[in-house]
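Please read the structure below before turning to the comments.
The values are calculated or read from the model by the stated rules, or taken from the named source; none is laboratory data. Nothing here was measured: the structure is a model prediction, and the numbers come from that model. Methodologically, a virtual Cβ is constructed for each residue, glycine included, from the backbone with ideal geometry; neighbour enumeration extends over all protein chains shown.
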Amino acid sequence: MQMILKSNSITKPKIVVVGSSNTDMVIKLDRLPRPGETVLGGDFFHAAGGKGANQALAAALAGGEIKFVARVGRDMFGAQAVERLVEAGVNVEHVIREESLPSGVALIFLAKDGVNSIAVAGGANARLSPADIEKASAAIAGADVVLMQLETPLETVRVVAELAARAEVPFILNPAPATALPAELLKLVSILTPNETESELLTGIAVTDENSAGRAAEQLLSLGVKAVILTLGSRGVFVATAVTSELVPGFQVQAVDATGAGDVFNGALAVALAEGKPLLEAARFANAAAAISVTRLGAQPSAPRRKEIDSLLTRAGSRTETAPAGPVSQPVLPAVLRLRPEAPITI
């Protein structure tokens with residue numbers, strides 16, 4: 001069965017993001033400390049974060065109409081996090097204030113070369129429950145795309161995936177932080193977006209080059225995932241479906257802070273797919289958003305606006321640099337991922 005985009009050229013694409021909300025506490029250092037070592041120095045700053053909130057805000061700035069489903073503590077951090085999302089245009093009617101746990105917090109060490117180390121205290125995120133998701137089921141069913149990560153209970157992730165599948169809404173899962181995932185969940189995933197570390201945990205294949213990325217993606221596809229976008233940092237992303245695979249190069253920029261780059265990528269990817277862009281074009285759009293984000297400090301503060309993404313793509317050239325030869329220049333997607341009318345294709 002073919003799926004038609006519910007939005008149109010006038011309205012923004014509708015995206016539901018389900019996930020975590022944290023406050024990032026960041027210390028800038030010359031280098032990351034080794035185990036047992038104390039390193040002096042660095043500026044300190046804090047900003048709203050959490051993979052779910054980061055992706056919701058990034059998607060809103062990239063042009064989507066976003067509804068965010070989450071739990072935050074009834075504290076200063078939770079209030080500030082929600083306020084920031086509202087300022088960005090995110091609908092927070094499904095963000096629940098948790099009475100018994102504080103808002104989530106991430107402690108981040110940031111080296112001058114942009115490399116980071118992060119530890120998270122989940123707090124209220126751990127209470128995001130299947131019952132909370134059921135209350136947002138109408139929003140999920142009415143979305144063009146649903147996006148989620150793994151900073152909330154896995155049972156909650158499963159319920160979101162099942163609701164999206166039942167409503168035939170594409171479900172993007174960013175499997176971060178890295179953790180083993182049950183086969184039943186993977187079969188419900190429309191697009192899986194692991195990085196090298198997450199891919200290795202899921203497949204046992206160390207991703208070191210395009211060949212190993214291909215083997216890892218092939219194994220993930222064999223588990224029932226409809227499409228894989230394996231993020232490779234500055235090298236770009238490896239895109240794979242059952243019928244094609246390709247490396248989409250990244251953009252060369254001077255990295256300052258990689259915190260949140262993956263979240264910006266996923267938020268922008270959801271918008272591009274919900275707008276009906278083919279998979280490679282959507283990946284390139286998301287690459288551009290992530291490239292801009294690493295040139296700035298902070299997770300949410302680094303997320304670019306739509307005009308910035310479009311400007312970078314225009315400067316770099318609109319065509320995917322490694323488009324495959326032949327009459328088909330974009331991957332053919334399974335029907336559940338086709339978000340606009342097109343000629344029927346047998347898969």
Checklist entry - How about the stretch 260-308: which of its residues are under 19 Å from ALA176 (Cα atoms) and outside any helix (DSSP H, G or I)? => result GLY260, VAL294, GLY298, ALA299, ALA303
Item to check | Filtered residue count, the stretch 184-238, keeping only those that are hydrophobic (A, V, I, L, M, F, W, C) and under 23 Å from VAL253 (Cβ atoms) | outcome: 7
Next on the checklist: So, in the stretch 7-45, how many residues would count as being closer than 20 Å to ALA56 by Cα, part of a loop (DSSP other than H, G, I, E, B) and at pLDDT 90 or above?
Outcome noted: 5
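Return yes or no: is GLY260 touching a helix residue (DSSP H, G or I) at 6+ places or on another chain (Cβ under 7 Å), in contact (Cβ under 8 Å) with a residue 24 or more places away in the chain and among the small types (Gly, Ala, Ser)?
Details: touching a helix residue (DSSP H, G or I) at 6+ places or on another chain (Cβ under 7 Å): yes; in contact (Cβ under 8 Å) with a residue 24 or more places away in the chain: yes; among the small types (Gly, Ala, Ser): yes.
Against the criterion (touching a helix residue (DSSP H, G or I) at 6+ places or on another chain (Cβ under 7 Å), in contact (Cβ under 8 Å) with a residue 24 or more places away in the chain and among the small types (Gly, Ala, Ser)), GLY260 qualifies.
Could you please give the count of residues in the stretch 97-127 that are in contact with a helix residue (DSSP H, G or I) (Cβ under 6 Å, 6 or more places away or on another chain) and without any contact (Cβ under 8 Å) to a residue 60 or more places away in the chain? So that I can check it myself, show each step before the final result.
Restricting attention to the stretch 97-127, the residues satisfying the condition of being in contact with a helix residue (DSSP H, G or I) (Cβ under 6 Å, 6 or more places away or on another chain) are 98, 101-104.
Next, from what is left, pick out any that are without any contact (Cβ under 8 Å) to a residue 60 or more places away in the chain: 98, 101-102.
Residues that pass the stated criteria total 3.
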Checklist entry - Is it true that ALA62 is crowded, with 24+ Cβ neighbours inside 10 Å and either more than 15 Å from ASN91 (Cβ to Cβ) or at pLDDT below 95 (or both)? => result yes
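Residue-by-condition table, conditions (1) outside any strand (DSSP E or B); (2) more than 28 Å from LYS14 (Cβ to Cβ):
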| residue | (1), (2) |
| --- | --- |
| GLU93 | no, no |
| ARG97 | no, no |
| SER100 | yes, yes |
| ALA106 | no, yes |
| LEU110 | no, yes |
| ASP113 | yes, yes |
| ALA119 | no, yes |
| ASP132 | yes, no |
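Results for (1) crowded, with 20+ Cβ neighbours inside 10 Å; (2) farther than 17 Å from VAL228 by Cα, shown as yes or no for each residue.
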residue: PHE251; (1), (2): no, yes
residue: ALA255; (1), (2): no, yes
residue: ALA270; (1), (2): yes, no
residue: GLU281; (1), (2): yes, no
residue: ARG284; (1), (2): yes, no
residue: ALA291; (1), (2): yes, yes
residue: ARG296; (1), (2): no, yes
residue: SER302; (1), (2): yes, yes
residue: LYS307; (1), (2): no, yes
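Considering ALA139, ALA164, ALA126, ALA217, which residue is surrounded by fewer than 24 Cβ atoms within 10 Å (Cβ to Cβ), modelled with pLDDT of 95 or more, over 28 Å from PRO33 (Cβ atoms) and of a type outside the set (Asp, Glu)? It would help to see each step written out before you state the result.
Values: ALA164 fails: surrounded by fewer than 24 Cβ atoms within 10 Å (Cβ to Cβ); ALA126 fails: over 28 Å from PRO33 (Cβ atoms); ALA217 fails: surrounded by fewer than 24 Cβ atoms within 10 Å (Cβ to Cβ).
So the residue among ALA139, ALA164, ALA126, ALA217 that is surrounded by fewer than 24 Cβ atoms within 10 Å (Cβ to Cβ), modelled with pLDDT of 95 or more, over 28 Å from PRO33 (Cβ atoms) and of a type outside the set (Asp, Glu) is ALA139.
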